[in-house]
């Protein structure tokens, strides 16, 4: 039972010895670029660039960064259209007034117990349609 709480002894790591490595490299790296053809140099450069991109790629970070940027952009546009007090001097009505009226109508119908006039008109029309005899 007391063995559960004991710390394991530290392992001593020896320095890596390249001469005694059982897994020898098949090719020398980096190659001598003066001895290989231009075509092969270009292939190796492409391979190196591709591997660097893969090594430093962070797909999850990119995904969440994009989602955050899109969300913030949508928030700024929605705030500007529905809530921001545009200083509209000389205009008959503020910009986006029709969109604000539409949003206010929907919000009033959702969040209040008493419905708006347009909501009551719709209910009345539905009741009349239900009561009228069908031909």
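For the range 12-21, filtering for residues that are under 27 Å from residue 44 (Cβ atoms) and assigned to a loop (DSSP other than H, G, I, E, B) leaves 2. The criterion of at least 3 residues that are modelled with pLDDT of 90 or more and surrounded by fewer than 11 Cβ atoms within 10 Å (Cβ to Cβ) is met, among helices (runs of 4 or more DSSP H) falling completely within the range 31-123, by 38-56, 59-82. Sub-6 Å Cβ pairs linking a first residue in the range 119-135 that is closer than 26 Å to residue 104 by Cβ to a second residue that is in a helix (DSSP H, G or I) and modelled with pLDDT under 80, at least 6 apart or interchain, are 119/109, ordered by first then second residue. Selection of the range 68-91 for residues being out of contact with any helix residue (DSSP H, G or I) (no Cβ under 6 Å at 6 or more places or on another chain) and either touching a residue at least 40 places away in the same chain (Cβ under 8 Å) or closer than 29 Å to residue 120 by Cβ (or both) yields 78, 83.
All conditions but one from (1) surrounded by 11 or more Cβ atoms within 10 Å (Cβ to Cβ); (2) over 30 Å from residue 122 (Cβ atoms); (3) modelled with pLDDT of 85 or more apply to residue 19; the one that does not is (1). Taking the range 1-48 as the range and being touching a residue at least 12 places away in the same chain (Cβ under 8 Å) and touching a helix residue (DSSP H, G or I) at 6+ places or on another chain (Cβ under 9 Å) as the test, only 31 passes.
The values are calculated or read from the model by the stated rules, or taken from the named source; none is laboratory data. Only a predicted model underlies this, so the values are computations on that prediction, with no experimental measurement involved. Please note: Cβ atoms are built from the backbone with ideal geometry, for glycine as well, and neighbour counts cover all protein chains shown.
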